[in-house]
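So the structure is just underneath, and the comments pick up after that.
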Amino acid sequence: MNIFRLAGDMTHLFSVLVLLLKIHTIKSCAGISLKTQELYAIVFTTRYLDLFTTYISLYNTIMKLIFLGSSISIVWYMRHHKVVRRSYDKDQDTFRHYLLMLPCLLLALLINEKFTFLEVMWAFSLYLEAVAILPQLVLLQRTRNIDNLTGQYVLLLGAYRALYVLNWIYRYFTEENYVHWITWVSGIVQTLLYADFFYYYFQSWKNNVKLQLPA
Amino acid sequence: PTEGNLHDEL
């Protein structure tokens, strides 16, 4: 494992911890898109179907369980927790996220590394992850004032994606037979989606003002 | 996945 991959996994882990911290201690999920969280729960469930068929390492297994468990529990909290669910911006979070799933499934059926159930589900999870942040970005744009934790959550997610791109470049040059076109293309698309948010985030940080996205 | 090309990323 290289430093970019490890740093990428850690920023991903921190992003989840920031979100859980917000939900557990402040009992609020204001500014967080349930649509995006539901998509992530589906992404991890469909990607980690190999959890019981392929053993890679203890690290890999534990991280998979953390991402599965945390994404499902975040959805549960936002939907069912009697205090947390009241802070959910339901009227603002209107992205029709189910419409994203069908094209991703069709694309996975057409473009995959091998036409097997696990491989098609794996490709589907990558395509869906690439666009899963969209409802969250739309919600951020609608919310006038973005609190620090929400901003940090999206920033950490973006950092995780950028570090994974560096990890792929590093692995491509240091490992033989390391070629994953599906992962790369969908990963780069996903990283580009964050670029716009990053721009405004750094502007507000530089000018030391509260983050506000243009309407 | 082929040898050396496992889905070992998260």
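Coordinate-derived values only; no laboratory data. In this text the structure is predicted, and so the values were computed from the model without any measurement. Cβ: placed from backbone, ideal geometry, glycine included. Neighbour counts: every protein chain shown.
Put in order of Cβ neighbour count within 10 Å, fewest first, the listed residues A:Leu166, A:Leu140 become A:Leu166, A:Leu140.
Here the 3J(HN,Hα) profile of segment A:44-49, calculated from phi with Karplus coefficients 6.51, -1.76 and 1.60 at θ = phi - 60°, is 6, 5, 7, 7, 9, 5 Hz, Gly and Pro shown as x.
Here's the list of lysines a cross-link from A:Lys90 could span, going by alpha-carbon distance under 17 Å and ignoring same-chain residues fewer than 8 apart: A:Lys27, A:Lys35, A:Lys82. Annotation: the residues A:Met121, A:Met1, sorted from fewest to most other C-beta atoms within 10 Å of their own C-beta, follow the order A:Met1, A:Met121.
Counting Lys and Arg as +1 and Asp and Glu as -1 over every other residue whose Cβ lies under 11 Å from the Cβ of A:Thr94, the net charge comes to +1. Under the simplified labelling scheme, the A:Val185-A:Met10 pair shows an inter-label distance of 3.3 nm, with each label point 7 Å from Cα along Cα→Cβ.
Would you mind getting me the FRET efficiency between A:Ile26 and A:Lys210? Use the beta-carbon distance for r and R0 = 22 Å, nearest 0.05. Calculated transfer efficiency: 0.80.
Listed values for segment A:55-66 are Karplus-derived 3J(HN,Hα) couplings in whole Hz (6.51 cos²θ - 1.76 cosθ + 1.60, θ = phi - 60°), namely 9, 10, 6, 5, 3, 4, 5, 5, 4, 4, 5, 5, and x replaces Gly and Pro. Considering only A:Ser28, A:Leu134, A:Phe95, and ranking their Cα positions along the charge dipole of segment A:3-149 that arises from unit charges at the beta-carbon of Lys, Arg, Asp and Glu, the one farthest toward the positive end is A:Ser28. Ratio of Rg to Rh for the protein assembly as shown: 0.96 [Cα atoms; Kirkwood radius as inverse mean 1/r over pairs].
Computed from Cα atoms, the angle from the helix A:117-132 axis to the main principal axis of chain A rounds to 30 degrees. Phi angles across segment A:136-153 convert, under the Karplus curve 6.51 cos²θ - 1.76 cosθ + 1.60 with θ = phi - 60°, into 3J(HN,Hα) values of 5, 5, 5, 5, 4, 5, 7, 7, 5, 9, 9, 6, 4, 5, 5, x, 5, 4 Hz, Gly and Pro given as x. If you take the Cα centroid of segment A:1-77 and the Cα centroid of segment A:102-146, the two points sit 15 Å apart. Counting neighbouring Cβ atoms within 10 Å and putting the fewest first, the residues A:Glu119, A:Glu175 line up as A:Glu175, A:Glu119.
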